[in-house]
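Okay, so here's the structure we're looking at.
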Amino acid sequence: MFTEQKFKIPALKGISAKNIEEHLKLYAGYVKNANFILDKIKELKQDAEKNAYVLGEVNRRFGFEFNGMRNHEVYFKSLEGGASSLGDGELKKAIEMKWGSLNAWLAEFRAIALTRGIGWAMLYYDRASGQLLNAWIDEQHLGQLQNCALILGLDMWEHSFVADYQPSGKKQYIEDFFSNLNWRAPEHNYQVALL
Ligand SMILES: [Fe+2]
């Protein structure tokens, strides 16, 4: 079973405490439903033949709930502890090696974040090739990269920003996310990914 994590999110620039509170409820829903699906599968497989169609559909939804849970854990973790800039460490070196500079990476990542539709802008570490990759994920799970560690995730579902920014404020939300970001979190994720 999966356990709901608790996050201590300080006052943020642009993103209200109320929105964070509501967003955390949505995160709790992913944890609850990931657990619910595992329970449901256990129950349905007792008569797998009779329940084949329902079992298939329930199985299909597991990636949505599971990734919804994990994506939000990475997102909220990166907003804990107060904003800090990217330090002169391994992650900075890896970003500069791939994109030339932090600003060049940011430009690409921002553009990905503006992809139309609901989803996530992600920075991954591909263990197989030893390089960082930016990617857009539809919903919570469509396009997740196999065997890649999630280093940084920016939630671009409307629930993460519309209450504070209106739909037209998407760009400002992205800017504010980076103003609020504690880079210690992605730096830590990168260190863990390298182990
Ligand atoms: Fe979200």
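The values are calculated or read from the model by the stated rules, or taken from the named source; none is laboratory data. Keep in mind it's a predicted model, so treat the numbers as computed, not measured. For neighbour counting, all protein chains shown are included, and Cβ atoms are generated from backbone atoms with ideal geometry for every residue, glycine included. Ligands, DNA and RNA are stripped out before the accessible areas are found, and what is left, the full protein with its side chains, is counted by its heavy atoms. Shrake-Rupley method; radii C 1.70, N 1.55, O 1.52, S 1.80 Å.
Express the carbon and sulfur contribution to the solvent-accessible surface of the stretch 55-195 as a percent, rounded to the nearest whole number, probe 1.4 angstrom.
Values: 3320 of 6450 Å².
C and S fraction of accessible area: 51 percent.
Only bridges whose two residues both fall in the chain count here: according to DSSP, what percent of them are antiparallel, nearest 5?
Values: 16 of 17 bridges.
Approximately 95 percent, going by the DSSP bridge assignments.
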Open item on the list: Suppose all protein chains stay in the model; what accessible area per residue would a 1.4 Å probe give for the stretch 17-124, in Å²?
Closed with: 54
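What net charge do the residues around Ala48 carry, taking every other residue with its C-beta under 14 Å from that of Ala48, with Lys and Arg at +1 and Asp and Glu at -1?
Working: positive: Lys40, Lys42, Lys45, Lys50; negative: Glu43, Asp47, Glu49, Glu57.
Computed value for this residue: 0.
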Open item on the list: At q = 0.10 Å⁻¹, what log₁₀ I(q)/I(0) does the chain have when each alpha carbon counts as one equal point scatterer in the Debye sum?
Closed with: -0.44
Open item on the list: Between Gly56, Gly119, Gly14, where does the largest GNM mean-square fluctuation fall for the chain, given springs only between Cα atoms within less than 10 Å?
Closed with: Gly56
Open item on the list: Are there DSSP H segments in the chain that both extend 20 Å or more along their axis (alpha-carbon positions) and score a mean Kyte-Doolittle hydropathy of at least -1.0? List them, or say none.
Closed with: 17-44, 52-77
Task: Compactness of the stretch 51-114 as Cα Rg over 2.2 N^0.38 Å, two decimals - done: 1.69
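Which of the GluC sites (Glu not before Pro) found in the stretch 1-92 are loop residues per DSSP with 13 or fewer other Cβ atoms within 10 Å of their Cβ? Each step should come with its number before you reach the end.
Values: sites: Glu4, Glu21, Glu22, Glu43, Glu49, Glu57, Glu65, Glu73, Glu80, Glu90; in loops: Glu4, Glu49, Glu80.
In loop regions of the stretch 1-92 (DSSP not H, G, I, E or B), the sparsely surrounded GluC sites (Glu not before Pro) are Glu49, Glu80.
Could you work out the relative contact order of the stretch 93-178, using alpha carbon pairs under 8 angstrom and six or more residues apart, expressed as a whole percent?
On the way: 117 pairs, mean separation 22.0, N = 86.
Taking the mean separation of contacting Cα pairs over the length of the stretch 93-178, I get 26 percent.
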Task: Among the listed pairs Lys8/Lys42; Lys8/Lys40; Lys13/Lys171, those beyond 25 Å (Cα-Cα) - done: Lys8/Lys42; Lys8/Lys40
Open item on the list: Need the full-extension length gain, Lys6 to Val54, defined as separation in residues times 0.36 nm minus the C-alpha distance. One decimal, nm.
Closed with: 14.0 nm
TODO: Determine the alpha carbon to alpha carbon distance for each of Lys25/Lys98; Lys77/Lys170; Lys25/Lys77; Lys6/Lys92; Lys32/Lys77; Lys18/Lys170 and list only those over 25 Å.
DONE: Lys25/Lys98; Lys6/Lys92
Open item on the list: Using only the heavy atoms of the protein chains and a 1.4 Å probe, how would Phe109, Phe64, Phe36 rank by accessible area, largest first?
Closed with: Phe36, Phe64, Phe109
